[in-house]
Structure formats: structure tokens, C-alpha cells
Amino acid sequence: MTKLTLTNLTRQYGTAKAIDGINLTVEEGEFLTLLGPSGCGKSTTLSAIAGLDRPTEGSITFGDRILFDSKSDTYLPPEARGFGVVFQSYALWPHLSVEDNVGMSLKLRKIGAAERKKRIAEALELVELGPFAKRYPGELSGGQQQRVALARAIVFRPPLLLLDEPLSNLDAQLRQQARVWLKEIQRELGLTTIYVTHDQDEALAMSDRIVVMRKGKVVQLGTPEQIYAAPEHPFSATFIGNANRIEVNGGNTHASGECVVMLNDGQQVKAITPEPQLSQGQQILTVRTHKISCEPLPDATELAVNFGAESYLGNHYEQVAKVADTALRLTLDKPMPVGPGKIWLRHEDAIVFGPEQ
Ligand SMILES: Nc1ncnc2c1ncn2[C@@H]1O[C@H](COP(=O)(O)OP(=O)(O)O)[C@@H](O)[C@H]1O
Ligand SMILES: [Mg+2]
């Protein structure tokens with residue numbers, strides 16, 4: 001199996017670290033997504049893998065090939081790595097037709113004209129652009145240009161496909177279609193793919209595994225289900241999905257992972273924690289907006305709150321429930337009357353983390 005392995009990968013700019021000791025293994029055939037806010041080091045990581053940027057420390061191996069190793073001063077240029085790359089700006093050659101854009105990488109690899117023609121036709125077929133072969137990039141929509149960029153990246157059958165926010169220039173509806181379509185192509189070709197995005201929906205919908213990144217570091221690595229259901233860090237709990245993040249005081253931890261924390265008006269909440277031990281001081285409680293109920297639930301904490309005004313958002317309402325000076329955001333099918341009321345919070349939906357370093 002050809003695995004990609006990053007070991008202690010670090011990229012320093014002056015004293016700042018764009019990526020800071022990343023360790024990661026990507027399995028063959030896997031769709032792995034680097035997810036995190038702007039500036040967290042996603043593109044730097046991808047460029048390091050592509051060979052477009054030289055890290056300061058660590059190593060990158062692909063199967064038994066060493067692509068980069070700071071200790072032995074090894075650094076293979078992008079053409080020696082031979083990976084398919086698609087950037088946010090599609091970077092098509094404006095003076096070349098669609099088929100010439102797609103065929104350029106084959107020409108550079110000295111593949112004969114007949115074989116080239118066949119492969120270009122196959123790639124354009126795959127991205128559903130067969131009839132557009134003779135057009136120029138300026139005569140295509142954003143979505144079509146994006147598909148040309150993808151055809152160009154897969155036409156030479158790269159062992160690894162690197163995609164940096166390739167859908168971010170498309171409008172919302174087109175983006176959703178492109179997501180499904182891209183995932184289908186990836187599966188059909190069995191392409192090992194590393195996908196970069198700051199869009200949590202995209203990451204959840206497309207990935208086999210997600211790497212949640214923050215400030216140049218990996219915060220959590222897991223399947224979409226694991227990241228969503230069992231966040232190991234307050235950042236993954238709140239960056240993915242719509243969640244409240246509240247400062248609380250707490251808490252006695254039991255071996256089972258259960259704990260009790262106190263809201264700032266003294267009300268107690270039974271919760272769970274991934275931390276082995278919580279101190280008595282300030283903690284962070286996270287709870288998803290749609291997990292807060294306005295009707296009694298079994299195994300739930302009942303809390304007295306003050307409901308604020310609701311906003312109507314088409315398929316649901318958003319409403320705020322205040323506990324002392326803390327505002328909890330709720331996602332509801334039906335809004336509650338403004339003023340005093342009650343909410344219920346299941347223990348397993350209230351997740352407590354220690355104070356952030
Ligand atoms: N050429 C550069 N010089 C200095 N700092 C850089 C350079 N490129 C990126 N950075 C910094 O590295 C960090 C990570 O950048 P980047 O990998 O582009 O983030 P992302 O793709 O997650 O938005 C940012 O703080 C960015 O400002
Ligand atoms: Mg980026």
C-alpha cells in the first residue's frame with residue numbers, strides 16, 4: 001500500500017510557525033480533508049506535500065520514497081513527485097483550449113499524440129465536458145473551469161490528488177452539486193485525495209477522515225461521525241456543527257467520564273467529558289444548538305432560563321435562552337414565548353473540556 005506519511009512537519013516564517021509539528025498518515029484510496037479556519041496552515045501543508053513549498057523541519061514519505069527530509073536535506077521538486085493539484089484559482093492557461101489545457105501534462109510527460117488524444121477524451125468525459133474540448137477558458141462558466149482544472153489534474157493518473165478549496169469560487173447550489181460529483185469521480189478512480197477546505201459541511205459530506213487543524217497543529221483526526229459526535233477538543237466541538245460554548249465551573253469527574261459543572265447562576269448541569277481529570281476551576285461546556293430541548297427528556301438536566309426573541313430562518317427558528325448573563329443559542333422547530341421558561345439538556349449532549357492552553 002502506498003501511504004503518505006508526514007512526520008513532525010514544520011514550516012517556519014521568521015519566528016511564526018505556519019505549520020507546527022504535523023504528524024499524519026494518509027491511506028491509499030482515502031479521501032482525507034484538512035479542515036480549519038483561514039490561516040490555520042492547510043495550504044502550507046498541501047504545498048509541502050506537492051513540493052511547491054519547502055518545510056523547515058520534518059519529513060514526508062510516499063510509499064518507500066522520501067519526498068522531503070530535513071535531516072538528510074532531501075527535497076524532491078514537484079515534477080519528481082508527480083501529484084495532481086487543483087487550486088482555488090484554477091490557474092488554466094487562457095490562450096490554450098480546454099483539450100490543450102488538459103493535455104499539457106501528458107505532453108510534458110512525452111506521451112504520444114494518439115494516447116494523449118484518448119486520455120484527454122476520457123478525462124473530459126469524466127468531468128462531463130466532452131463537447132467543450134475546443135473552447136477556451138474565457139468561454140466557460142466558473143463551474144466548467146473548475147471541472148477543466150480537475151480533468152487536468154487527473155488526466156495523467158496521479159498517485160495522489162491534492163485539492164485546495166477547489167469549490168470555493170462556485171455559488172452555493174453549484175457547490176453542492178460539485179461536491180457529490182467530485183466525490184463520485186474520486187471513488188470511481190480510487191484516487192488517494194487530500195482535500196483542503198474551511199467549510200465544515202463540505203468536509204462532513206465528502207471525507208473518509210477529517211483532520212481538524214488550528215494554529216498550525218492537528219487538533220483531532222477521525223471519521224466525520226467521530227469528529228461530530230465525539231469531539232476531543234473544544235475547538236472541534238464548536239467549529240464543526242452549530243454549538244454553544246459556555247464558561248462554567250466544575251466539576252467532579254467520575255471514571256465513567258461523567259461530571260457535574262455549575263453555570264454562573266449556580267444551576268448545576270450533569271455532563272460528560274473526554275478529559276481524564278477536570279480541575280475545580282473554570283471549564284468550557286459545549287452543547288449543540290439543536291440538542292437543547294424545550295420539552296422534558298429522560299436523563300436530562302432541567303434548567304430555568306429566560307427566552308429572548310426568535311428569528312425565523314425558513315426551515316427552523318433560532319432563539320436565545322439566557323441563564324444569568326450567559327446566552328444559549330437554540331435551534332427549534334417551534335419558538336418559545338419570550339420570558340421565563342425551561343430547557344432540558346441530555347447529559348451526553350453536554351460536553352465539558354478543561355480550560356484551553
Ligand atoms: N509566504 C509567507 N510568508 C509569511 N507567512 C506566511 C506565508 N505563507 C503563509 N503564511 C502564514 O502561515 C499561516 C498559514 O497559512 P496558510 O497555510 O495559507 O493557511 P490556510 O490555507 O489554512 O488559510 C498564516 O498565518 C499565513 O499568514
Ligand atoms: Mg489556504
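Every number in this text was worked out from the coordinates using simple rules, so none of it is lab data. This structure is a prediction, so every number in the text was calculated from the model and none was measured. Cβ placement follows ideal geometry from the backbone for every residue including glycine, while neighbour counts extend to all protein chains displayed.
Calculate the spin-label point distance for Gln282 paired with Gln267, positioning each point 7 Å from the Cα along the beta-carbon direction, and give it in nanometres.
Here the answer is 2.1 nm between the modelled labels.
Hey, in the GNM for the chain with a 10 angstrom Cα cutoff, which one of Asn244, Asn23, Asn252 fluctuates hardest?
Asn252
Diagonalise the Cα gyration tensor of the chain and give the resulting equivalent ellipsoid semi-axes, square root of 5 times each eigenvalue, largest first, whole Å.
Values: eigenvalues 417, 129, 45 Å².
Its equivalent ellipsoid spans semi-axes of 46, 25, 15 Å.
Can you put Glu27, Glu225 in order of Cβ neighbours within 10 angstrom, beginning with the fewest?
By the 10 Å Cβ count, ascending, the order reads Glu225, Glu27.
Starting from the 7 Å offset along Cα-to-Cβ, what nm value, one decimal, do you get for the label separation of Asp64 and Gln176?
Placing both labels 7 Å beyond Cα along the Cβ direction yields 4.8 nm.
Greater than 19 Å separation of Cα atoms is the criterion. Which listed pairs, Lys107/Lys183; Lys3/Lys71; Lys42/Lys217; Lys270/Lys334; Lys42/Lys215; Lys3/Lys110, meet it?
Pairs exceeding 19 Å: Lys107/Lys183; Lys3/Lys71; Lys270/Lys334; Lys3/Lys110.
Fewest to most neighbouring Cβ within 10 Å: what's the order for Trp93, Trp181?
Least crowded to most crowded, the residues run Trp93, Trp181.
Among Met262, Met213, Met336, Met1, what is the fewest-to-most ranking by other Cβ atoms within 10 Å?
Met1, Met262, Met336, Met213
Assuming R0 = 41 Å, can you tell me the calculated FRET efficiency for the pair Ala113 and Arg245, based on Cβ-Cβ distance, to the nearest 0.05?
Taking R0 as 41 Å, the efficiency between Ala113 and Arg245 is 0.10.
Working from the pairwise distances between different alpha carbons, so that the mean of 1/r is found and then inverted, what is segment 153-280's Kirkwood radius in Å?
The answer is 17.3 Å.
Only Cα pairs within less than 10 Å get springs; with that Gaussian network setup on the chain, which residue of Leu191, Leu303, Leu285 has the largest fluctuation?
Its mean-square fluctuation being the largest, the pick is Leu303.
Kindly provide the helix-only [θ] at 222 nm of the chain, computed as the sum of -39,500 (n - 2.57) over DSSP H runs of four or more divided by all residues, to the nearest 500 deg cm²/dmol?
Values: 9 runs with 88 residues, N = 357.
It lands at -7000 deg cm²/dmol.
Could you tell me the calculated FRET efficiency between Lys71 and Asn306, based on Cβ-Cβ distance and R0 = 51 angstrom, to the nearest 0.05?
FRET efficiency, Lys71 to Asn306: 0.25.
Return a whole-number percent for the relative contact order of segment 53-97, with Cα pairs under 8 Å and 6 or more residues apart as the contact set.
Contact order relative to length: 22 percent.
Go ahead and collect, in residue order, the members of segment 166-199 whose backbone nitrogen is under 13 Å from a label point 7 Å along the Cα-Cβ direction of Ser141.
Correct set: 170-178.
Report, largest value first, the span of the C-alpha coordinates of segment 270-357 along each principal axis, in whole Å.
Sorted from largest, the Cα extents of segment 270-357 read 40, 27, 24 Å.
Only Cα pairs within less than 10 Å get springs; with that Gaussian network setup on the chain, which residue of Ala203, Ala50, Ala91 has the largest fluctuation?
Its mean-square fluctuation being the largest, the pick is Ala91.
List the residues, sorted by chain then number, that are 5 or more residues from Arg214 or on another chain and whose placed amide H is less than 5 Å from its amide H.
Those lying under 5 Å, H to H, from Arg214 are Val219.
Check which residues have an amide H placed less than 5 Å from Ile292's amide H, if you skip close sequence neighbours.
When sequence neighbours closer than 5 places are left aside, the close amide H contacts are Thr331.
Be a star and scan segment 13-52 for residues whose amide nitrogen sits under 16 Å from the point 7 Å along the Cα-to-Cβ vector of Glu79.
Output list for this probe position: 51-52.
Evaluate the distance, in nm, between pseudo-label points positioned 7 Å from the Cα of Glu28 and of Glu356 along their respective Cα→Cβ axes.
Going from the Glu28 label point to the Glu356 one covers 4.0 nm.
First obtain the Kirkwood hydrodynamic radius of segment 12-154 from its Cα pairs, then insert it into the Stokes-Einstein equation at 4 °C and 1.567 mPa s, and state the resulting D in µm² per second as a whole number. Each step should come with its number before you reach the end.
Values: Rh = 17.2 Å.
Calculated translational D: 75 µm²/s.
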